[in-house]
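The values are calculated or read from the model by the stated rules, or taken from the named source; none is laboratory data. As the structure is a computational prediction, the values presented were derived from the model and not from experiment. Quick reminder, even Gly has a Cβ in these numbers, built from the backbone with ideal geometry, and neighbours come from all protein chains shown. Note: accessible area is taken over every heavy atom of the protein model, side chains too, but ligands, DNA and RNA are not part of it. Shrake-Rupley method; radii C 1.70, N 1.55, O 1.52, S 1.80 Å.
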Amino acid sequence: MRIDAGTPAERDRAVDALRALAVLGVVLGHWLVTALVADGGTLHADSPLRHLPVLAPISWAFQTLAVFFLVGGQVASRGLVAARARGMTYRRWLAARMSRLFKPVAAVIALWSVTAACLAFADVEFMTVRTLVKLALSPLWFLLVFAALTAATPLLNRLTPLWPLAVVLHVDLFRFGLGGPSWLGWVNVVAGWMVPYTLGAAWSRGELDRLRAGWALFIGGAVATAVLVAWAGYPASMVGVPGASVSNLNPPSLAAVTFGLAQCGLALLSCGALRRAMCRPTAWAAVALVNLYAMTIFLWHQTALMVTTAVLLPPGPLPGLHTSPDGWVWIAGRLAWLPLFALALTLCWTAFRHVEQGVRRRSSASGPPVEFGSSRVVRVHRAPSRDTAEGGRRA
């Protein structure tokens, strides 16, 4: 109730709900499709999507990065406008956002640097160390792209999403249709995620408020994705699959971008329902908590999976945790392990949450401020000082 009462009336809670859903979608998606297989004395990564292609629709539900970039573009654009209205320079605004974005990263890098050194000193197989470190640090690529787009917000505010979409289209046409070099696809790492980011900037300007914009993005993106998968040879999975010759995500393909357009359209269409849902204090408190610690959740969820896997390795290979993800038994086992992953992530959150937000002094009235991005989710209502109260009475 206190969080609900302290939230500024002008805050669009649907935006925070979309961000929370995007973060949790990425976390749950990774937990469902990331397998650490114990093979003799080593651990290597695998995916059930490689053995069970029928599970590709899972990636449609949990590959939510486009929504995260959509919200990021909207929040950054609005935040920059508000900062300029307050007289804040672009440099100060950017420094504040980069600090909030990268403070939690230092803890992840420090812990895994020490862990990798200890594993190497203990003569653990190089393949195992490489697999663990790669999984732990894999979220950092996303942050680098997000930081670059955030820094370019003043420019992207004036850019239509059609330009980066055209870049992705021509890159894929050249590398797939004309036999161009595969490295050209890495241009799409920036151009591909620039599409939803610039859509978010357009949203902040009120250009996507009408329902027809959401329907156009959803239907157009869905139809384009279906055509690309059915007739252009793009994979059905919207995440990378080990051993696949073509990945929709590494680097982003045209199919991933059109799929992201459909996701952005669906996100815009759901805003009304989300605003109504966020009127319930319990739902809003949960969303506010996820937003407050979004970076901690995002950065540590793979570590939580690996800690669970390592702790339970001595008793022997367990289905859904250490075995090959090549059947429905593994799927059932993995679903059963999800609560334990969540518990491990909660322990990581308890240990590292203060790195993201810092230790805040509790207010006597309404508790600590809840912040994310450039604006507060919950106002801080401080009790007036004695001098102020006496001055008010004299007045």
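Largest GNM mean-square fluctuation across Thr34, Thr323, Thr89, computed for the chain with C-alpha springs under 10 Å, falls on Thr89. Could you calculate the FRET efficiency of Ser113 with Leu338 from 1/(1 + (r/R0)^6), where r is the beta carbon distance between them and R0 is 30 Å, rounded to 0.05? So, using R0 = 30 Å, E works out to roughly 0.55.
Helical content alone sets the calculated 222 nm signal of the chain at -21500 deg cm²/dmol, taking -39,500 (n - 2.57) per DSSP H segment of four or more residues and averaging over every residue. Here's the picture: charge each Lys and Arg Cβ at +1 and each Asp and Glu Cβ at -1 in the chain, and of Ala336, Phe69, Val54 the one pushed furthest to the positive end of that dipole is Phe69.
Suppose R0 equals 51 Å. What FRET efficiency, 1/(1 + (r/R0)^6) with r the Cβ-Cβ distance, do Asp123 and Ala286 give to the nearest 0.05? Efficiency computed from Cβ-Cβ geometry: 0.70.
For the chain, the fraction of 1.4 Å probe accessible surface lying on carbon and sulfur atoms is 67 percent. Between Arg91 and Trp215, the modelled label-to-label distance comes to 4.9 nm, taking each label 7 Å out from Cα in the direction of the beta carbon. Taking all Cα pairs closer than 8 Å and separated by 6 or more residues, the relative contact order of the chain comes to 27 percent.
Given +1 at the Cβ of Lys and Arg, -1 at the Cβ of Asp and Glu and no other charges, the dipole of the chain around its Cα centre is 1960 debye to the nearest 20. Taking amide H as placed 1.01 Å from N in the peptide plane, Leu249 has its amide H under 5 Å from the amide H of Gly240, each at least 5 places away in sequence or on another chain. For the stretch 236-315, rounded, prolate or oblate, judged on the Cα gyration tensor with a ≥ b ≥ c (square roots of eigenvalues), a/c < 1.5 rounded, else prolate if a/b > b/c? Because a/c hits 1.5 or more and a/b fails to exceed b/c, the stretch 236-315 counts as oblate. Only Cα pairs within less than 10 Å get springs; with that Gaussian network setup on the chain, which residue of Leu347, Leu101, Leu21 has the largest fluctuation? In this elastic network of the chain, the residue with the biggest mean-square fluctuation among Leu347, Leu101, Leu21 is Leu347. Annotation note: trypsin sites (Lys or Arg not before Pro) in the stretch 198-296 located in DSSP loop regions with a Cβ neighbour count of at most 12 within 10 Å are Arg210.
When the Gaussian network model of the chain links Cα atoms closer than 10 Å, the mean-square fluctuations of Leu55, Leu211, Leu299 top out at Leu211.
Surface exposure of the stretch 145-194, expressed per residue as accessible area with a 1.4 Å probe, stands at 51 Å². Ranked by the mean number of other Cβ atoms within 10 Å of their residues, highest first, the peptides 252-258, 127-133, 349-355 fall in the order 252-258, 127-133, 349-355. Across the stretch 241-256, computed HN-Hα scalar couplings (Karplus, 6.51 cos²θ - 1.76 cosθ + 1.60, θ = phi - 60°) run 10, x, x, 6, 6, 10, 10, 7, 10, 9, x, x, 9, 4, 5, 5 Hz from first to last residue, x flagging Gly and Pro. Karplus-derived 3J(HN,Hα) values for the stretch 162-168, using 6.51 cos²θ - 1.76 cosθ + 1.60 with θ = phi - 60°, are 5, 5, x, 4, 5, 4, 4 Hz; glycine and proline are entered as x. The phi-based Karplus calculation (6.51 cos²θ - 1.76 cosθ + 1.60; θ = phi - 60°) puts the 3J(HN,Hα) values of the stretch 24-37 at 5, x, 5, 4, 5, x, 5, 5, 7, 10, 9, 10, 10, 9 Hz, whole numbers, x for Gly and Pro.
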